[in-house]
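Student: Below you'll find the structure I mean.
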Amino acid sequence: MNTPRQELEARVSQAVQKLFSPVPPAPYVRPCPDSRHGDFQTNAALVGAKEAKANPRELAAKLAEVINLEGVAETPEIAGPGFLNFRLKPEYLARQVTQRWTDDRLGIPRVSNPETLVIDYSGPNIAKEMHVGHLRSTILGDALARMYCFLGHTVIADNHIGDWGTGFGMILFGYKREGDAAKLEQDPFGHLEAIYRKIQEEAKTDDSVREAAKRELVLLQQGDAGNRKLWEQFNKYSLEALDRIYQRLGVQFDYTLGESFYNDALPGVVDDLLKKGIARDSEGAVAIFSEGKLPQKDDPFLVSDKDGFRDNPLLVRKSDGGYNYATTDLATIRYRHEHFKAKRSIYVVGGPQQMHFRQLFDAARRWDYAGMKLEHVWFGTILGENRKPFKSREGDNVKLKALLAEAEERAGTIIAEKRPDLEEHKRAALARIIGLGALKYADLAQNRNLDYVFSWEKLLAFDGNTAPYLQNAYVRTRSIFRKAGEQTVADIFHKIRGLVDLDPATPSIHLAEPAELALARKLLDFADSIVMAAEEYRPHYLCLYLFELATLFHRFWENCPVLTAEEPIRNSRLVLCDLTGRTLAQGLNLLGIEVVEQM
Ligand code: ARG
């Protein structure tokens with residue numbers, strides 16, 4: 001099913017090929033910046049006239065004559081220096097709305113070239129409880145996985161947990177010195193974190209502690225049985241706790257292949273890099289240096305300071321024989337390529353790791369993986385009201401568990417005020433969906449590259465670009481069917497389906513009022529918003545679309561009576577309500593957010 005933009009693009013393109021030589025580059029059609037002038041516009045005549053040194057307004061007039069807009073748009077208007085403005089015909093909108101309404105996928109096609117791609121998200125470092133810093137990666141990654149899957153790609157959701165790094169050296173060293181099995185059993189994170197923090201503090205000033213921790217890590221990585229056993233214990237508790245959080249968030253992974261999974265592959269990776277001349281020996285360590293092929297300022301293996309450029313190597317083996325984060329990531333790229341046959345790997349990881357990924361991707365390209373598309377989808381920081389990274393009142397990282405609980409609790413208070421009539425368990429169920437939905441949406445609705453200020457009041461507001469606003473619009477679309485007084489929503493649905501003339505050649509529903517035309521017009525943009533959000537890895541495009549849709553729906557609701565209208569307008573408006581509701585629910589589902597039937 002073509003979107004209106006695609007349809008117009010095809011028609012304008014046909015005319016442009018006929019009329020212009022040379023043919024100006026596509027695309028030709030864009031949304032009209034001011035909807036009072038039209039729905040779409042083209043500047044093809046302006047561009048074409050420049051090339052041909054012709055009068056742009058005359059050329060625009062000629063173009064208007066040649067374009068075949070039958071069944072789609074009114075005769076275009078020439079505007080300004082040579083734009084053409086198009087307005088879609090109500091019959092076209094009506095037919096398109098009906099087509100989407102009768103389609104389970106709401107008119108969203110599957111891609112014609114499905115790919116196998118890995119999405120690497122969440123990736124917490126275990127033996128530490130998840131905190132607010134892990135929220136963005138988890139939520140963003142989940143939304144991207146859902147969108148790519150819906151578009152027809154084969155998505156492999158992989159949680160690359162940090163279960164093997166420096167932290168474990170410190171924990172092992174500390175646990176051996178003062179660990180307590182009973183405490184570990186009772187409160188694994190509390191106990192391990194206390195140990196970790198203490199050793200980290202000591203290591204700052206005491207070299208012997210730092211060295212001892214490093215030795216423990218090397219022992220673990222070399223397969224020492226005692227360390228391995230302790231590690232397995234820590235790991236088990238941590239994974240159980242992680243799972244509880246993921247379950248609560250409704251986030252799923254296909255694989256959890258942590259850093260440890262690649263341990264045995266690391267020596268081979270370094271050998272291969274050495275053999276192929278990509279890495280070399282550097283003061284006892286092994287590292288990857290600049291190839292000298294990029295402009296110096298773009299070369300991730302160089303950094304500049306006041307004396308000019310110097311090396312910024314990527315370490316793949318330390319002088320003590322230990323391996324690095326980058327070595328594991330290189331082994332991971334090879335595994336994803338060979339084992340999953342992935343053509344693309346998307347890393348949803350915070351902004352501070354931009355340099356790591358630039359180096360990693362360049363190293364992978366020089367190694368064997370130039371054919372793999374590697375993307376770092378980075379994001380900014382969640383800030384507190386003081387515009388510093390969001391912390392608890394005590395100055396600690398906010399634990400994710402506590403944050404989720406607070407979201408539900410605050411939503412619960414609002415619901416208790418709005419719906420004192422509801423039974424306790426129904427209120428609790430609503431509080432979960434509304435609280436967690438609001439939390440997720442507040443994150444996804446931001447341009448991911450920006451830092452944003454966290455505010456409970458804003459994210460739980462029932463007005464504005466929030467999840468509760470969208471959930472509420474959905475509830476309205478459902479309530480109308482209950483008020484219609486029919487048996488079940490499904491009955492009404494079938495009744496409307498039966499009543500509407502589904503012959504695609506004739507427009508089936510009736511649209512006339514400005515508010516219903518505007519809503520219909522917006523409903524047709526759903527596919528565009530998903531594709532754009534997926535392609536640019538920016539779910540906020542989809543959020544913005546849903547917000548605009550909900551806003552137009554509220555306007556329609558205020559201006560166009562539904563149940564008291566005469567046929568065929570009554571049915572047409574019910575179709576608009578139903579399609580709006582399903583679009584909101586599907587859109588929110590792609591963001592990992594649930595809807596409710598009443599609130
Ligand atoms: N564990 C890492 C961290 O907390 C994130 C892992 C991201 N994924 C990756 N393949 N490097 O910073």
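Student: Taking all protein chains in place and a 1.4 Å probe, what share, in percent, of the accessible surface of the chain do carbon and sulfur account for? Kindly include the intermediate steps, with their values, before the conclusion.
Tutor: Details: 13720 of 27910 Å².
Here it works out to 49 percent.
Student: Right, here's the next one. Report, by chain and number, residues whose modeled amide H sits under 5 Å from the one on residue 391, excluding near sequence neighbours (fewer than 5 apart, same chain).
Tutor: 384
Student: Tell me the Rg and the Dmax, in Å, that the Cα atoms of the stretch 172-282 produce.
Tutor: Reported Rg and Dmax, both Å: 17.4, 51.
Student: Give a residue-ordered list of calculated ³J(HN,Hα) values for the stretch 72-78 (Karplus: 6.51 cos²θ - 1.76 cosθ + 1.60, θ = phi - 60°; whole Hz; x for Gly, Pro).
Tutor: With coefficients 6.51, -1.76 and 1.60, one gets 10, 9, 6, 4, x, 9, 7 Hz.
Student: With every protein chain kept in place and ligands, DNA and RNA left out, what is the accessible area per residue of the stretch 335-455? Probe 1.4 Å, answer in Å². Kindly include the intermediate steps, with their values, before the conclusion.
Tutor: Details: 6000 Å² over 121 residues.
Computed with neighbouring chains in place, this is 50 Å² per residue.
Student: Still on this model: I need the fraction of alpha carbon pairs in the chain separated by more than 49 Å, rounded to a whole percent. Don't skip to the end; give the middle numbers.
Tutor: Working: 43683 of 179101 pairs.
Value for the chain (Cα pairs over 49 Å): 24 percent.
Student: Nearest 10 degrees is fine. How inclined is helix 135-150 to the longest principal axis of the chain, computing both from alpha carbons?
Tutor: Between helix and principal axis, roughly 50 degrees.
Student: Past 29 Å, Cα to Cα, is the threshold; run 341/522; 275/373; 50/89; 426/522 against it and keep the listed order. Don't jump to the answer; show the numbers that get you there.
Tutor: Working: 341/522 38 Å; 275/373 24 Å; 50/89 31 Å; 426/522 33 Å.
Long pairs (Cα-Cα over 29 Å): 341/522; 50/89; 426/522.
Student: Give the accessible area for residue 361 in Å² (nearest 10); use a 1.4 Å probe, count only protein heavy atoms, and leave out ligands, DNA and RNA.
Tutor: Taking all protein chains as shown, residue 361 has close to 40 Å².
Student: Amide H to amide H under 5 Å from residue 510: which residues, 5+ apart in sequence or cross-chain, H placed 1.01 Å off N in plane?
Tutor: Amide H to amide H, under 5 Å and 5 or more residues apart or across chains, residue 510 pairs with 572.
Student: Right, here's the next one. Compute the distance from the alpha-carbon center of the stretch 430-479 to that of the stretch 112-146, in whole Å.
Tutor: Using only Cα atoms to place each centre, the spacing works out to 20 Å.
Student: How big is the accessible area of residue 548 in square angstrom, nearest 10, if you roll a 1.4 angstrom probe over the protein chains?
Tutor: Around 70 Å² of this residue is reachable by solvent.
Student: Still on this structure, I have one more. Checking the cross-link filter: which lysines have an alpha carbon closer than 29 Å to that of residue 391, excluding same-chain neighbours under 8 positions apart?
Tutor: Residue 391 reaches 128, 183, 198, 204, 236, 399, 401, 440, 458.
Student: Right, another one. Roughly how many whole Å is it from the C-alpha centroid of the stretch 554-599 to that of the stretch 307-330?
Tutor: 56 Å
Student: Please calculate how many Å² of accessible area the stretch 82-170 carries per residue, with a 1.4 Å probe and no DNA, RNA or ligand atoms counted. Don't skip to the answer; put the middle values down first.
Tutor: On the way: 2460 Å² over 89 residues.
In whole numbers, the stretch 82-170 has 28 Å² accessible per residue.
Student: Set the Förster radius R0 to 22 Å, insert the Cβ-Cβ distance between residue 37 and residue 112 as r into 1/(1 + (r/R0)^6), and round the FRET efficiency to 0.05.
Tutor: Numbers: r = 34 Å, r/R0 = 1.54.
E(calc), rounded to 0.05, equals 0.05.
Student: Kindly sort 297, 176 by accessible area of their heavy atoms, largest first, with the probe set to 1.4 Å. Before the final figure, lay out the partial values.
Tutor: Details: 297 155, 176 105 Å².
From most accessible down to least: 297, 176.
Student: Further question: Order 77, 259, 283 by their accessible area, 1.4 angstrom probe, all chains in place, largest first. Present the calculation step by step, with values, prior to reporting the outcome.
Tutor: Numbers: 77 120, 259 20, 283 180 Å².
So, going from the largest accessible area down, we get 283, 77, 259.
Student: Now a separate question. At 1.4 Å probe size, what's the solvent-accessible area of residue 112? Round to the nearest 10 Å².
Tutor: Surface accessible to solvent at residue 112 totals approximately 120 Å².
Student: Using θ = phi - 60° and the Karplus curve 6.51 cos²θ - 1.76 cosθ + 1.60, what whole-Hz ³J(HN,Hα) does each residue of the stretch 555-564 get, with Gly and Pro shown as x?
Tutor: Ordered by residue, 3J(HN,Hα) equals 5, 4, 4, 6, 9, 10, x, 9, 6, 8 Hz.
Student: Let me ask something else. Could you list which residues have their amide H under 5 Å from that of residue 344, counting only those 5 or more apart in sequence or on another chain, with H placed in the peptide plane?
Tutor: Result for residue 344 returns 118, 373.
Student: Just to check I understand the Karplus step: with θ = phi - 60° and J = 6.51 cos²θ - 1.76 cosθ + 1.60, what whole-Hz values come out for the stretch 284-292, glycine and proline as x?
Tutor: 3J(HN,Hα) across the stretch 284-292, in whole Hz: x, 9, 10, 8, 9, 10, 4, 7, x.
Student: Now for a different question. Quick one: ranking 517, 249 by accessible area, 1.4 Å probe, largest first, what do you get? Show your work: numbers first, answer last.
Tutor: On the way: 517 40, 249 10 Å².
Descending order: 517, 249.
Student: Which shape class, rounded, prolate or oblate, goes with the stretch 186-231 when its Cα gyration tensor gives a ≥ b ≥ c as root eigenvalues, a/c under 1.5 marks rounded, and past that a/b bigger than b/c marks prolate?
Tutor: Details: a/c = 3.82, a/b = 1.06, b/c = 3.59.
Judged from the Cα gyration tensor, the stretch 186-231 comes out oblate (a/c at least 1.5, b/c at or above a/b).
Student: Packing-wise, with mean Cβ within 10 Å as the measure, how do 119-131, 235-247, 212-224 rank, highest first? Intermediate results must be reported in sequence, preceding the final value.
Tutor: Values: 119-131: 23.5, 235-247: 15.5, 212-224: 17.8.
Highest-to-lowest ranking by the protection proxy: 119-131, 212-224, 235-247.
The values are calculated or read from the model by the stated rules, or taken from the named source; none is laboratory data. Model, not experiment: these values are computed from the prediction. Quick reminder, even Gly has a Cβ in these numbers, built from the backbone with ideal geometry, and neighbours come from all protein chains shown. The area values use the complete protein model at the heavy-atom level, side chains included, leaving out ligands, DNA and RNA. Shrake-Rupley method; radii C 1.70, N 1.55, O 1.52, S 1.80 Å.
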